[in-house]
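Enquirer: The structure is given below, and queries will be raised subsequently.
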Amino acid sequence: MVTVQVVRTLALALTEATEQDHHGRPSFRVAGRIFATLWDAEHLNVMLDEPGIHTAVATRGDCCADVYWGKRLAAVRVALPAADPGLVSELLADAWEGKAPARLLRPA
(Lines give C-alpha, C1' and ligand atoms only; values in the text may rest on other atoms or scores of the structure.)
Protein backbone atom coordinates (compact mmCIF):
# COMPACT_ATOMS: atom_id res chain seq x y z
CA MET A 1 0.00 0.00 0.00
CA VAL A 2 1.15 3.50 -0.86
CA THR A 3 0.02 6.46 1.22
CA VAL A 4 -0.56 10.03 0.11
CA GLN A 5 2.55 11.04 2.06
CA VAL A 6 4.65 8.46 0.18
CA VAL A 7 3.31 9.85 -3.13
CA ARG A 8 4.28 13.37 -2.05
CA THR A 9 7.75 12.25 -1.03
CA LEU A 10 8.35 10.40 -4.30
CA ALA A 11 6.95 13.16 -6.51
CA LEU A 12 8.74 16.02 -4.77
CA ALA A 13 12.05 14.15 -4.87
CA LEU A 14 12.10 14.64 -8.65
CA THR A 15 14.18 17.59 -9.85
CA GLU A 16 12.32 20.91 -9.61
CA ALA A 17 9.01 19.19 -8.84
CA THR A 18 6.47 21.29 -6.98
CA GLU A 19 3.05 20.71 -5.48
CA GLN A 20 0.19 23.04 -6.37
CA ASP A 21 -3.59 23.01 -6.07
CA HIS A 22 -5.46 21.97 -9.21
CA HIS A 23 -9.23 22.41 -8.87
CA GLY A 24 -9.12 21.45 -5.20
CA ARG A 25 -6.76 18.52 -5.67
CA PRO A 26 -2.99 18.36 -5.13
CA SER A 27 -1.03 18.29 -8.37
CA PHE A 28 2.65 17.71 -8.97
CA ARG A 29 4.35 19.83 -11.60
CA VAL A 30 7.65 20.46 -13.28
CA ALA A 31 8.18 23.79 -15.01
CA GLY A 32 4.48 24.48 -14.48
CA ARG A 33 3.34 21.33 -16.28
CA ILE A 34 1.29 18.76 -14.37
CA PHE A 35 2.72 15.25 -14.33
CA ALA A 36 0.42 13.78 -11.63
CA THR A 37 -2.59 14.58 -9.46
CA LEU A 38 -3.86 13.04 -6.27
CA TRP A 39 -7.47 12.38 -7.23
CA ASP A 40 -8.39 11.35 -3.68
CA ALA A 41 -6.76 9.58 -0.73
CA GLU A 42 -6.70 6.27 -2.62
CA HIS A 43 -6.08 7.26 -6.26
CA LEU A 44 -3.27 8.93 -8.15
CA ASN A 45 -3.57 10.03 -11.78
CA VAL A 46 -0.22 9.93 -13.57
CA MET A 47 0.04 11.73 -16.92
CA LEU A 48 1.98 9.30 -19.08
CA ASP A 49 2.07 9.12 -22.87
CA GLU A 50 -0.34 6.65 -24.49
CA PRO A 51 2.18 3.79 -24.80
CA GLY A 52 3.09 4.24 -21.13
CA ILE A 53 -0.57 4.16 -20.11
CA HIS A 54 -1.20 1.00 -22.14
CA THR A 55 1.88 -0.69 -20.66
CA ALA A 56 0.94 0.18 -17.07
CA VAL A 57 -2.61 -1.11 -17.53
CA ALA A 58 -1.47 -4.28 -19.33
CA THR A 59 1.23 -5.18 -16.82
CA ARG A 60 -0.37 -3.94 -13.61
CA GLY A 61 -4.11 -4.17 -14.19
CA ASP A 62 -4.47 -5.06 -10.51
CA CYS A 63 -3.84 -1.41 -9.60
CA CYS A 64 -3.71 0.60 -12.85
CA ALA A 65 -6.58 1.77 -15.06
CA ASP A 66 -6.73 4.10 -18.03
CA VAL A 67 -8.27 7.57 -17.69
CA TYR A 68 -9.94 9.39 -20.55
CA TRP A 69 -10.65 13.13 -20.69
CA GLY A 70 -13.38 13.19 -23.29
CA LYS A 71 -12.14 10.98 -26.12
CA ARG A 72 -8.44 11.43 -25.28
CA LEU A 73 -6.48 8.85 -23.30
CA ALA A 74 -4.89 11.13 -20.72
CA ALA A 75 -3.50 9.27 -17.70
CA VAL A 76 -3.20 6.09 -15.73
CA ARG A 77 -5.14 5.95 -12.46
CA VAL A 78 -3.24 4.11 -9.75
CA ALA A 79 -5.19 2.52 -6.90
CA LEU A 80 -2.80 3.31 -4.06
CA PRO A 81 -3.98 0.55 -1.67
CA ALA A 82 -2.99 -2.07 -4.29
CA ALA A 83 0.21 -0.38 -5.51
CA ASP A 84 3.76 -0.61 -4.25
CA PRO A 85 6.21 2.30 -3.87
CA GLY A 86 8.48 1.00 -6.64
CA LEU A 87 5.68 1.10 -9.20
CA VAL A 88 4.52 4.56 -8.13
CA SER A 89 8.09 5.86 -8.21
CA GLU A 90 8.64 4.48 -11.71
CA LEU A 91 5.37 5.91 -13.06
CA LEU A 92 6.02 9.32 -11.52
CA ALA A 93 9.56 9.42 -12.94
CA ASP A 94 8.27 8.50 -16.42
CA ALA A 95 5.57 11.18 -16.26
CA TRP A 96 8.05 13.76 -14.94
CA GLU A 97 10.40 12.97 -17.81
CA GLY A 98 7.58 13.49 -20.31
CA LYS A 99 6.80 16.96 -18.92
CA ALA A 100 10.23 18.25 -17.90
CA PRO A 101 11.98 20.85 -20.06
CA ALA A 102 14.98 19.71 -22.08
CA ARG A 103 17.41 21.52 -19.77
CA LEU A 104 16.48 19.14 -16.95
CA LEU A 105 16.88 16.04 -19.12
CA ARG A 106 20.46 16.79 -20.19
CA PRO A 107 23.22 14.88 -18.42
CA ALA A 108 25.01 16.97 -15.79
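The values are calculated or read from the model by the stated rules, or taken from the named source; none is laboratory data. Every value quoted in this text rests on a predicted model; they were computed, and no experiment measured them. Glycine also receives a Cβ, built like all others from the backbone with ideal geometry; neighbour counts cover every protein chain displayed. Heavy atoms of the whole protein, side chains included, go into the accessibility calculation; ligands, DNA and RNA do not. Shrake-Rupley method; radii C 1.70, N 1.55, O 1.52, S 1.80 Å.
Enquirer: Measuring with a 1.4 Å probe in the full set of protein chains, what accessible area per residue, in whole Å², belongs to segment 1-104?
Expert: Ligands and nucleic acids excluded, the result is 52 Å² per residue.
Enquirer: May I pose another question? Using mean Cβ contacts within 10 Å as the protection proxy, how do 97-103, 5-11 order, highest first?
Expert: Output ranking for 97-103, 5-11: 5-11, 97-103.
Enquirer: Let me ask something else about it. Carbon and sulfur together cover what percent of the accessible area of the chain at a 1.4 Å probe radius?
Expert: Numbers: 3200 of 5930 Å².
Ligands and nucleic acids excluded, carbon and sulfur reach 54 percent.
Enquirer: Normalise the Cα radius of gyration of the chain by 2.2 N^0.38 Å (N = residues in it) and let me know the number.
Expert: Numbers: Rg = 12.9 Å, N = 108, 2.2 N^0.38 = 13.0 Å.
For the chain, the normalised Cα radius of gyration comes out at 0.99.
Enquirer: First check a/c for segment 18-57, with a ≥ b ≥ c the square roots of the eigenvalues of its C-alpha gyration tensor; if it is under 1.5, answer rounded, and if not, answer prolate when a/b is larger than b/c or oblate otherwise.
Expert: oblate
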